[in-house]
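Notes follow the structure.
The values are calculated or read from the model by the stated rules, or taken from the named source; none is laboratory data. Remember, it's a predicted structure, so these values are computed and weren't measured experimentally. In this analysis, Cβ positions are derived from the backbone assuming ideal geometry, glycine residues included, and neighbour counts consider all displayed protein chains. Just so you know, the surface numbers come from the protein's heavy atoms only, side chains and all, with ligands and any DNA or RNA stripped out. Shrake-Rupley method; radii C 1.70, N 1.55, O 1.52, S 1.80 Å.
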Amino acid sequence: TKVANKITSLPSDHKFLRKIEKLVNDRKRMFFESNKLDWAMGELLAYGSLLKEGYNVRISGQDVERGTFSHRHAVLKAEDSEEEIVLLKNISKDQGNFNIYNSSLSEYGVMGYEYGYALTSPKTLCIWEAQFGDFANGAQIIIDQYLSAAEDKWKLQNGLVLLLPHGYEGQGAEHSSARIERYLQLCAKDNMFVANCTTPANLFHLLRRQMKGNFRKPLIVFTPKSLLRHPMAVSSVEDLTEGIFQRVIPDTEIDKKQVKKLVFCSGKFYFDLVDARAKKNIRDVAIVRIE
């Protein structure tokens, strides 16, 4: 609650654009009134809670301050002075350091730097976000030679997180797919985590788990575009405070006794399938999410 209050309260001595005021006030209502947290709130509360516990959080990428699809808004600018306000830096007096940087379009160089940073600072949640998931193509050597294999080759543990927006959203070449299959093919002998979450709570627990464990593994998260503001992609406060990361989410909407077909899926496909199932009034198909 303390973290939520800090990241949903604008300083009164600055004037902000109405869009920013609405965004922050909407987040406050999400947590304290409607109890329906969206993707951005799940993500920001993960950072805020880790910072409160003394961990550092470091994020870089091509548009990370605002978020590629304008959901994060970790850095706010005062309208009159253009002073940058970072609410995550005001969680508590003895909190960890929060640093977020919009970086250049040199994925190879930036991801390589963040890999080294994560290696030497295991108490820092170190994140690199692609502007679109396919932009990781430019850092493929880092992913293949270091991220996926360094623990086996050199016994080096590294907890770098890649946030790769994924979607087939019709944006054209190199703006469509983070190529999930490529990362799954790199998985062997528990070398890294690969996730395609469907709930803000699962993202919250996943990011926190990166720091709370007593070992470090790279984490690849295929972050959504369409689910950022999807009315069904929400979690309750209790899902965060009392829940855990769910590797598999069962279907609780269907009577088990009527089920004749079981469908496994991940990511945004779940919401497409649930919508189709409801429109066609299908009651004998269960849909299980692999997160």
Q: Kindly establish whether Tyr183 is assigned to a helix (DSSP H, G or I), open to solvent by 30 Å² or more (accessible area, probe 1.4 Å) and either in contact (Cβ under 8 Å) with a residue 60 or more places away in the chain or among the hydroxyl-bearing types (Ser, Thr, Tyr) (or both).
A: no
Q: Out of Gln131, Gln140, Gln145, Gln157, report the one residue that is open to solvent by 30 Å² or more (accessible area, probe 1.4 Å) and in contact with a Gly (Cβ under 8 Å, 6 or more places away or on another chain).
A: Gln131
(Q) Just to verify a result, which residue in the range 76-113, among those that are of a type in the set (Val, Ile, Thr) and crowded, with 18+ Cβ neighbours inside 10 Å, is nearest to Ile142 (Cα to Cα)? (A) Val110
Q | Single residue of the range 56-69 satisfying the filter (open to solvent by 30 Å² or more (accessible area, probe 1.4 Å) and touching a residue at least 60 places away in the same chain (Cβ under 8 Å)) that is nearest to Val110 (Cα to Cα) | A | Asn56
Q. Being touching a strand residue (DSSP E or B) at 6+ places or on another chain (Cβ under 7 Å), farther than 20 Å from Thr8 by Cβ, open to solvent by 30 Å² or more (accessible area, probe 1.4 Å) and not in a helix (DSSP H, G or I), is that true of even one residue in the range 117-125?
A. yes
(Q) Exactly one of these conditions fails for Ala178: (1) assigned to a loop (DSSP other than H, G, I, E, B); (2) open to solvent by less than 60 Å² (accessible area, probe 1.4 Å); (3) at pLDDT 95 or above. Give me its number. (A) (3)
Q) Among the listed residues Leu203, Leu156, Leu160, which satisfies the condition of being touching a strand residue (DSSP E or B) at 6+ places or on another chain (Cβ under 9 Å) and within 15 Å of Cys126 (Cβ to Cβ)? A) Leu160
Q.
Considering only the range 89-106, I want to know if a residue exists there that is closer than 23 Å to Ala195 by Cβ, out of contact with any Ser or Thr (no Cβ under 7 Å at 6 or more places or on another chain) and without any contact (Cβ under 8 Å) to a residue 40 or more places away in the chain.
A. no
Q.
Can you find a residue that is under 15 Å from the mean Cα position of the chain (by Cα), part of a helix (DSSP H, G or I) and modelled with pLDDT of 95 or more anywhere in the range 25-32?
A. no
Q.
So Val3 ticks every box in (1) part of a helix (DSSP H, G or I); (2) surrounded by fewer than 14 Cβ atoms within 10 Å (Cβ to Cβ) but one. Which box is left unticked?
A. (2)
Q) For the range 279-291, what are the residues that are in contact (Cβ under 8 Å) with a residue 24 or more places away in the chain and more than 30 Å from Thr1 (Cβ to Cβ)? A) Arg283, Asp284, Val285, Ala286, Ile287, Val288, Ile290
Q.
Under 6 Å between Cβ atoms, which residue pairs at least 6 apart in sequence (or on different chains) link something in the range 213-226 that is closer than 15 Å to Val161 by Cβ with a partner that is at pLDDT 95 or above and acidic (Asp, Glu)?
A. none
**Q.** the range 204-225, residues that are surrounded by 21 or more Cβ atoms within 10 Å (Cβ to Cβ) and of a type in the set (Phe, Trp, Tyr)
**A.** Phe204, Phe222
Q) Got a number for residues in the range 11-34 being open to solvent by 60 Å² or more (accessible area, probe 1.4 Å), free of Cβ contacts under 8 Å to residues at least 12 places away in the same chain, farther than 18 Å from Ala78 by Cα and not hydroxyl-bearing (Ser, Thr, Tyr)? A) 2
Q: Pull up the range 226-278, narrow it to residues that are touching a Pro at 6+ places or on another chain (Cβ under 8 Å) and over 30 Å from Thr1 (Cβ atoms), then point me to the one that is most open to solvent (accessible area, probe 1.4 Å).
A: Lys268
